[in-house]
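In what follows, a single structure is set out as structure tokens and then discussed.
The values are calculated or read from the model by the stated rules, or taken from the named source; none is laboratory data. Keep in mind that this is a model prediction, so the values were computed, not measured. Note that we place each Cβ from the backbone using ideal geometry, even for glycine, and neighbour counts take in every protein chain shown. Accessible surface is based on the protein model in full, side chains and every heavy atom, while ligands, DNA and RNA are left aside. Shrake-Rupley method; radii C 1.70, N 1.55, O 1.52, S 1.80 Å.
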Amino acid sequence: MRERTLSSTRTNGIGIGIRQGLRGVRHAAARVDTTTPPDRDRAVDALRALAILGVVLGHWLVTALVADGGTLHTASPLQHMPWLAPISWVFQTLAVFFLVGGHVATRGYASARARGTTYGQWLTARLARLFRPAAGLLALWTVTAIALLVSGADFETVRTLVKLALSPMWFLLVFAGLTAATPLVTRLNPLWPLAVVLHVDLIRFGLGGPSWLGWVNVAACWLVPYTLGAAWTRGELDRARAGWVLLAGGTAATAALVLRAGYPASMVGVPGTTISNLDPPTLAAVTFGLAQCGLALLLRDRLRRTMHRPLAWSAVALVNLSAMTIFLWHQTALMATTATTLPAGHLPGLHTRPDDLMWVAARVAWLPVFALALTVCWTAFRTYEQDPRPNPVRTGFRTRLRAKSPHRA
């Protein structure tokens, strides 16, 4: 009888704790919702959060570190199962991030000029938000690489790990360059960088030009959605017709390039292939990005309505608060999980060859573990991205913590 009473007490205590926790979450979400400026376009934040999470999940699904003897090397399920290419269509969302980035940058620059802020001051503040999170990543992996080499680790393994960990840095550099060029591209028509990509591919693939020419597309490709973001700021994409034209035109062009012109179906890099749509970017990556941008524009009204739900908005706001930290550290989270579990043997979906659907199922099961590892990285390094100005997300969650403190009335 006493044991049943104790068990019932514990159960009741757990239930009360869960209910209190849920009330705390709802209170924090309501606080974030009420402290958000009423003129804030929440659809912009929702699109940015979706773009970041799409890239993270995409990398976690198609990036494998295979243990081969005493070394680790990268592989991809798309290499062995190319019919899984549609996965990359869902999770390769970089164009949406550049669309939002162009919109926010051009709008922010116009606002800064109206306040009398100089270009230098505006750019410094923007770049600080980008590069502060990178400082911790570079410092950790410099120390880690040196420690691994000194301990006798295989050089190729260390090279693979460092290359994968620092791979998000290319995005940071490109985005920083486009941000710096914002005053120059404010009124640039997206057709101009699109024409550059078209001619580069024509010379590379049609006329047998040098392969290095493709690296011109690194800037030109992502300038297309970035300038679309500027057009959004100017009000040129407000009508649904613009979204439908981009979605239909981009889809048709991408299908033609893949089915008729021999471009890869995968929108991410695949080890062992001679042509990649991302490394360097191709015309297919641009047209696919146009379709994604069109879909994003069409979803704006629905996202605005959804973001007026406090729980949904607080989750999106929290992701935006640490967007660069999440993006920069997600590959480290994958590798930390892979490395720490290696002594347990070659675990399916983690250390084994990604050559069948069993690997895919096992990899999906590992996603919560990757998310937990990323949460640890976020907890340790999120302060590098913190903006010293008041923020509704931090305000809301600090209020929740103060409310739960036993030292407060």
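What 222 nm value per residue comes from the helices of the chain, counting each DSSP H run with n ≥ 4 as -39,500 (n - 2.57) and dividing by all residues, nearest 500 deg cm²/dmol?
-23000 deg cm²/dmol
Counting Lys and Arg as +1 and Asp and Glu as -1, each charge on the Cβ, what is the dipole of the chain about the Cα centre in debye, to the nearest 20?
I would put it at about 2160 debye.
Quick check for you: with a 1.4 Å probe and neighbouring chains kept, what is the accessible area per residue of the chain, in Å²?
Value returned for the chain: 51 Å² of accessible area per residue.
When only the heavy atoms of the protein chains count and the probe is 1.4 Å, how do Ile275, Ile52, Ile146 rank by accessible area, highest first?
Ile146, Ile275, Ile52
Ignoring ligands, DNA and RNA, what percent of the 1.4 Å accessible area of the chain is carbon and sulfur?
On the chain, the fraction of accessible area on carbon and sulfur atoms equals 65 percent.
For Tyr384, Tyr109, give the ranking by accessible area with the largest first, probe 1.4 Å.
Tyr384, Tyr109
Which entry in (1) 36, 31, 21; (2) 37, 24, 22; (3) 37, 26, 18 is this structure's computed semi-axes √(5λ) of the Cα gyration tensor in Å?
Calculated semi-axes √(5λ) of the Cα gyration tensor in Å: the matching label is (1).
Which order do Met169, Met324 take by accessible area at a 1.4 Å probe, largest first?
Met169, Met324
For Ala139 and Ala195 in one chain, what is 0.36 nm times their gap in residues minus the Cα-Cα distance, to one decimal in nm?
16.2 nm
With Cβ to Cβ distances under 13 Å as the rule, what net charge do the other residues near Arg353 carry (K, R +1; D, E -1)?
-2
Give the separation of the Cα centroids, the stretch 193-258 to the stretch 267-299, in Å.
9 Å
What does the net charge come to around Leu72 if you take all other residues with beta carbon closer than 9 Å to its beta carbon, with K and R at +1 and D and E at -1?
Combined, the nearby Lys, Arg, Asp and Glu give -3.
Counting other C-beta atoms within 10 Å, and keeping those with at most 13, which DSSP coil trypsin sites (Lys or Arg not before Pro) do you find in the stretch 163-242?
Counting only loop positions with at most 13 other Cβ atoms within 10 Å, the trypsin sites (Lys or Arg not before Pro) in the stretch 163-242 are Arg187, Arg239.
Quick one: Kirkwood hydrodynamic radius for the stretch 245-321, alpha-carbon pairs, angstrom, one decimal?
14.4 Å
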